[in-house]
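Participant: Questions regarding the structure given below will be posed in turn.
Please treat every number below as a calculation from the coordinates, not as lab data. The model shown is predicted, which means the values in this text are computed figures rather than measured ones. Reconstructed Cβ throughout: ideal geometry from the backbone, glycine too, with neighbour counts over all protein chains shown.
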Amino acid sequence: MDNFQIVDFTSLSEEVKKLIREAVEIRTRAYCPYSNFAVGAAILTEEDSKVYTGFNIENSTLTPSICAERAAVPRAVCDGYLKFKMVAVAAHQNDSYTAPCGVCRQTLSEFCGSDGDIEIYLSKPTMDKVLCTKLSNLLPLSFVSYKKDSVINNCK
Ligand SMILES: [Zn+2]
């Protein structure tokens with residue numbers, strides 16, 4: 001069984017199409033003078049259906065560079081949104097789709113929706129075909145060290 005499918009952009013819901021458009025649009029602002037590999041990401045929050053975007057931000061020493069997904073996550077979390085319904089990622093590669101890197105997969109797993117998962121949509125700037133999957137497909141057996149709820153309560 002495939003853990004993803006590639007569909008026509010036009011077949012997607014308006015909610016998903018809007019999120020993909022946001023990722024494609026923010027990608028044009030990516031700060032990537034070293035790789036010239038621009039990526040945009042857009043997060044849809046579960047509560048209030050808010051959209052938070054981000055793009056990759058590179059650094060001359062490389063290590064401090066941050067991916068588009070992890071640039072978007074703090075914007076949502078700082079506004080108090082801790083559950084994500086879906087994430088769209090936009091980048092251009094001729095022969096493949098650009099999926100979140102391992103670090104971003106783990107970062108997103110911290111903020112899964114109430115169903116314990118996040119819908120993931122990978123698009124190219126042309127927005128013709130979109131790869132649809134879920135975070136659980138990209139990061140099976142994700143790391144869980146302790147019960148999150150008890151930690152959050154302890155912080156109050
Ligand atoms: Zn990443």
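Participant: Please list the helices of the chain that count as membrane-span-like by this rule: a mean Kyte-Doolittle hydropathy of at least -1.0 together with Cα atoms stretching 18 Å or more along the helix axis, each helix being a complete DSSP H run. Walk me through the numbers before you get to the answer.
Facilitator: Values: long enough: 14-27 (20 Å, -0.56).
In the chain, the long hydrophobic H runs are 14-27.
Participant: What is the sum of charges, Lys and Arg at +1 and Asp and Glu at -1, for the other residues whose Cβ falls under 9 Å from the Cβ of Thr45? Before the final figure, lay out the partial values.
Facilitator: Numbers: positive: Lys50, Lys83, Lys85; negative: Glu46, Glu47, Asp48, Asp79.
Taking every Cβ under 9 Å from that of Thr45, the sum is -1.
Participant: Work out how much length Gln5 to Asn94 would gain on full extension: take 0.36 nm times their residue separation and subtract the Cα-Cα distance, in nm to one decimal. Write down the numbers at each step before the final one.
Facilitator: Working: separation 89, 0.36 × 89 = 32.04 nm, distance 1.78 nm.
Value of the extension gain: 30.3 nm.
Participant: Do any GluC sites (Glu not before Pro) in the range 55-155 lie in a DSSP loop with no more than 14 other beta carbon atoms within 10 Å, and if so, which? All intermediate terms of the calculation are to be shown ahead of the outcome.
Facilitator: Working: sites: Glu58, Glu69, Glu110, Glu119; in loops: Glu58, Glu110.
In loop regions of the range 55-155 (DSSP not H, G, I, E or B), the sparsely surrounded GluC sites (Glu not before Pro) are Glu110.
Participant: Right, here's the next one. Counting only DSSP beta bridges with both residues in the range 1-155, what percent are antiparallel, rounded to the nearest 5? Can you show the working numbers first?
Facilitator: Values: 22 of 29 bridges.
Here the share of antiparallel DSSP bridges comes out near 75 percent.
Participant: Where in the range 1-54 are there trypsin sites (Lys or Arg not before Pro) that are in a DSSP coil and have at most 12 other Cβ atoms within 10 angstrom of their Cβ? Write out the running numbers ahead of the final one.
Facilitator: On the way: sites: Lys17, Lys18, Arg21, Arg27, Arg29, Lys50; in loops: Arg29, Lys50.
Counting only loop positions with at most 12 other Cβ atoms within 10 Å, the trypsin sites (Lys or Arg not before Pro) in the range 1-54 are Arg29.
Participant: How large is the translational diffusion coefficient of the range 5-154 in µm² per second when you combine the Kirkwood radius over alpha carbon pairs with Stokes-Einstein at 25 °C and 0.890 mPa s? Display every interim value, and only then the final one.
Facilitator: Details: Rh = 15.6 Å.
Translational D for this selection: 158 µm²/s.
Participant: Pick from Leu19, Leu135, Leu62 the residue whose mean-square fluctuation is largest in a GNM of the chain, springs joining Cα atoms under 10 Å.
Facilitator: Leu62
Participant: Normalised by the residues of the range 5-154, what does the relative contact order come to in percent, with Cα pairs under 8 Å and at least six apart?
Facilitator: Details: 299 pairs, mean separation 34.1, N = 150.
So the answer I get is 23 percent.
Participant: Can you check what the net charge comes to around Asn56, using other residues whose Cβ is under 15 Å from the Cβ of Asn56 (Lys, Arg +1; Asp, Glu -1)? Please report the intermediate quantities before stating the final value.
Facilitator: Numbers: positive: Arg27, Arg29, Arg70, Arg75; negative: Glu25, Glu58, Glu69.
Counting the neighbours of Asn56, the net charge comes to +1.
Participant: What size of dipole, in debye to the nearest 20, comes out for the range 5-154 about its Cα centre when the only charges are +1 on Lys and Arg C-beta atoms and -1 on Asp and Glu C-beta atoms?
Facilitator: Working: 16 positive and 18 negative charges, 51 e Å.
With Lys and Arg at +1 and Asp and Glu at -1, about 240 debye.
Participant: Can you give the helix-only mean residue ellipticity at 222 nm for the chain, where every DSSP H stretch with n ≥ 4 adds -39500 (n - 2.57) and the sum goes over all residues, rounded to the nearest 500 deg cm²/dmol? Don't skip to the answer; put the middle values down first.
Facilitator: On the way: 5 runs with 44 residues, N = 156.
So the helix-based figure for the chain works out to -8000 deg cm²/dmol.
Participant: If you line up the Cα atoms of the range 37-115 on their principal axes, what length do they span on each, largest first, in Å?
Facilitator: Here the Cα extents, ordered largest to smallest, are 35, 29, 19 Å.
Participant: Here's something else I'd like to know. Using +1 at the Cβ of each Lys and Arg and -1 at the Cβ of each Asp and Glu in the chain, identify which of Phe84, Cys101, Cys32 lies farthest towards the dipole's positive end.
Facilitator: Positive-most Cα among the choices belongs to Cys32.
Participant: Now, a different point. Could you check which residue among Phe143, Phe55, Phe111 shows the biggest mean-square fluctuation in a GNM of the chain with a 10 Å Cα cutoff?
Facilitator: Ranking Phe143, Phe55, Phe111 by mean-square fluctuation puts Phe143 first.
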